[in-house]
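Taken together, the values in this text are just the output of simple stated rules run on the coordinates, not laboratory data. All values reported here derive from a predicted model rather than from experimental measurement. Note that we place each Cβ from the backbone using ideal geometry, even for glycine, and neighbour counts take in every protein chain shown.
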Amino acid sequence: MEAESAVVAIRHESDIVAARRESRTLGSKLGFTSGELTVIATAISEIARNIVVYAKTGEIHLEIVMDGQRRALQVIAKDQGPGIADITRAMTDGFSTAGGLGLGLPGAKRLMDEFEIHSEPGRGTTVTMKKWAR
């Protein structure tokens with residue numbers, strides 16, 4: 001199977017919808033169910049919303065990746081925003097610096113099979129998530 005990918009620039013709330021749509025397009029090629037596609041789209045919404053709120057601009061890279069016979073939809077969200085000073089605290093349910101519910105990062109982590117976050121204050125944040133096809 002050829003690797004397929006898409007990049008969605010995130011600058012406005014409407015770009016979140018475009019990222020969700022791209023995830024559904026690529027995810028359906030992996031045979032994800034409607035429910036699984038919704039889970040992936042929800043995780044993308046949470047991460048993309050953080051880009052809009054905190055960094056103002058960034059991008060989401062979506063790619064079908066393989067590991068032997070296993071296939072996954074990989075989502076990499078990158079921004080060059082203010083970064084996260086305390087990742088452990090940011091990954092705690094209920095923690096929010098913007099007055100939200102504080103479910104974005106930990107919620108996305110729960111929804112996906114793999115989740116990594118790297119952030120450097122003043123330099124930005126990269127979130128990498130994967131959902132493996134069953």
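For the chain, modelled as a GNM whose springs connect Cα atoms under 10 angstrom apart, the maximal fluctuation among G94, G35, G107 occurs at G35.
For segment 26-46 and segment 112-128, what is the separation of their C-alpha centers, rounded to whole Å? Cα centres, segment 26-46 to segment 112-128: 20 Å.
Under a model in which nothing but the beta-carbon of Lys, Arg (+1) and Asp, Glu (-1) is charged, segment 24-134 shows a dipole of about 260 debye around its Cα centre. Taking each DSSP H run with n ≥ 4 as -39500 (n - 2.57) and averaging over every residue of the chain yields -10500 deg cm²/dmol at 222 nm. What pairs from K109/K130; K29/K78; K29/K131; K56/K109; K29/K109 go past 18 Å between their alpha carbons? Going by Cα-Cα distance, K29/K78; K56/K109; K29/K109 fall outside the 18 Å limit. The GNM of the chain, with springs linking C-alpha atoms under 10 angstrom apart, assigns the highest mean-square fluctuation among T88, T57, T42 to T88.
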